[in-house]
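Visitor: My questions all concern the structure below.
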Amino acid sequence: MKAAILLMDNCFGTGINGILDALIAANYSLIKSGAQPLFEWELVSLDGNSVRPTNGLRIDADCDLASFVARGDKPDIWIIPGIYQSASNFGKVQAAMQKSEVMVPVLQQHMAEDKMIVCMCTGAFLLAQADLLGKNPALMHWRNEHHFRQAFPTLTIDSQNTIAEYHNLLCSIGGSMAYEYLVLRLIGRFAGHQTAINTAKLLMMDLNAPPAAPYRATHFKPEHQDALVQQAQLYLQRNSSEELNMVGLAEELNISDRQLKRRFAAALACSPLQYLQQVRVNQACNLLEATQLPSSKIVLEVGYKDESSFRRLFKKQMAMTMETYRQQFGIMAHSISA
């Protein structure tokens, strides 16, 4: 199986190097089991020059895209890393998309030949440019979702799963560990489950990806310019522990309940009630991370009287219980021996 790995300036360098390390480990595992190594790869930049990822450590390319395509030695797999890293500047996103436009016909032809594309994080923007997602939702780091909605308003995003497989599209969210789950899934698909296990153990990786929801930052808010919605957000944040009525909030803002819902949907892709629920869950996360308050008291602190109702909401949004969340992100209670 020959893989072509796309290199671009400001791409996620850790992901590229991590994928290479895992493919090397997979080949090693195959050799140790008496089989032949399976994977080979070539690093392809648009102009053949080395690229500087976000970590500043240059990665050398094996060849340029035009020469690689003209050679006719077509890869079995195209691997597309995060092609840019910017959560605040949409202009940088647009510039990266314009630069990567040359890849669109290459990937379209690749898919037309029923071959595989492996895509990580903002590589989903390139898939969307090439119209390869179809009706499938895109996966990416949560800080890039608002840019994707701005660039491709008719497409959807999967914010729950860490990995998604759509026939010959294998996609993952972003983050420093996402490439591990992505490449192990790739290894399992082509070299078998046991080789994926052997590779995971060799590199001390987890084979199966956790849900993505708990990793979303509780303080991150998508940018928008609707001053009225910003005013409503501030009100909900300041009064989240009180009993709130969304119709009353709309009256306070001199707007109808229906208009308020429409403005929230346009600015934040949720309703006012859903935003309030998110605020309360975020506050519960903060308390679980930083305090030893019992879960029952945290429920009251964030404005819920019905504990079972809030627990269901928390588990729905975070894909784990409050207790599990505390175990994963809370302050560790260190025992002291005499």
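The values are calculated or read from the model by the stated rules, or taken from the named source; none is laboratory data. The structure presented is a predicted model; accordingly, all values stated were derived computationally and were not measured. Please note: Cβ atoms are built from the backbone with ideal geometry, for glycine as well, and neighbour counts cover all protein chains shown. Heavy atoms of the whole protein, side chains included, go into the accessibility calculation; ligands, DNA and RNA do not. Shrake-Rupley method; radii C 1.70, N 1.55, O 1.52, S 1.80 Å.
Visitor: How large is Rg/Rh for the stretch 130-172, to two decimals, with Cα atoms and a Kirkwood Rh?
Guide: 0.93
Visitor: Search the structure for amide H atoms under 5 Å from the amide H of Met116, placed 1.01 Å from N in the peptide plane, and list their residues when 5 or more places away or on another chain.
Guide: For Met116, whose amide H was placed from the backbone, the distant partners under 5 Å are Trp78.
Visitor: If you line up the long axis of helix 227-238 against the longest principal axis of the chain, both from Cα atoms, how many degrees apart are they, to the nearest 10?
Guide: 70
Visitor: Could you put Asp73, Asp60 in order of accessible surface area, largest first, with the 1.4 Å probe and the full protein assembly present?
Guide: Accessible-area ranking of Asp73, Asp60, largest first: Asp60, Asp73.
Visitor: While we're looking at this one, here's another question. Say R0 is 22 Å: what FRET efficiency, to the nearest 0.05, do Asp62 and Ala151 get from their beta-carbon distance?
Guide: The computed FRET efficiency comes out at 0.15.
Visitor: Let me ask you something else. Semi-axes of the chain's equivalent ellipsoid from the Cα gyration tensor, sqrt of 5 times each eigenvalue, largest first, rounded to whole Å?
Guide: Here the semi-axes work out to 41, 26, 16 Å.
Visitor: Going down the table (Lys99/Lys135; Lys115/Lys201; Lys74/Lys201; Lys115/Lys315; Lys99/Lys261), which pairs top 27 Å between alpha carbons?
Guide: Going by Cα-Cα distance, Lys115/Lys201; Lys74/Lys201; Lys115/Lys315; Lys99/Lys261 fall outside the 27 Å limit.
Visitor: Starting from the Cα gyration tensor of the stretch 96-196, take the square roots of the eigenvalues, sort them a ≥ b ≥ c, and report rounded, prolate or oblate (rounded when a/c is under 1.5, otherwise prolate if a/b is larger than b/c, else oblate).
Guide: It comes out oblate by the Cα gyration axes.
Visitor: Tell me the angle of helix 90-100 to the major Cα principal axis of the chain, expressed in degrees between 0 and 90 and rounded to the nearest ten.
Guide: 20
Visitor: Can I ask one more? Quick check of the Kirkwood formula: for the stretch 57-124, what is the inverse mean of 1/r over all pairs of different Cα atoms, in Å?
Guide: Result for the stretch 57-124 stands at 13.5 Å.
Visitor: Rolling a 1.4 angstrom probe over the protein heavy atoms, how many square angstrom per residue are accessible across the stretch 240-338?
Guide: 61
Visitor: Taking square-rooted eigenvalues a ≥ b ≥ c of the alpha carbon gyration tensor, is the stretch 83-122 rounded, prolate or oblate, where a/c under 1.5 means rounded and, failing that, a/b exceeding b/c means prolate?
Guide: Note, shape of the stretch 83-122 comes out oblate.
Visitor: I would also like to ask the following. Using heavy-atom solvent-accessible surface (probe 1.4 Å) with all chains present, what is the largest-first order of Glu40, Glu307?
Guide: Heavy-atom accessible area, descending, gives Glu40, Glu307.
Visitor: Further, regarding this structure: Would you compute, for the Cα atoms of the stretch 117-253, the largest minus smallest coordinate along each principal axis and list the three values in descending order, in whole Å?
Guide: 61, 34, 20
Visitor: Could you give the angle, 0 to 90 degrees to the nearest 10, between helix 307-318's Cα long axis and the longest principal axis of the Cα atoms of the chain?
Guide: It works out to around 30 degrees.
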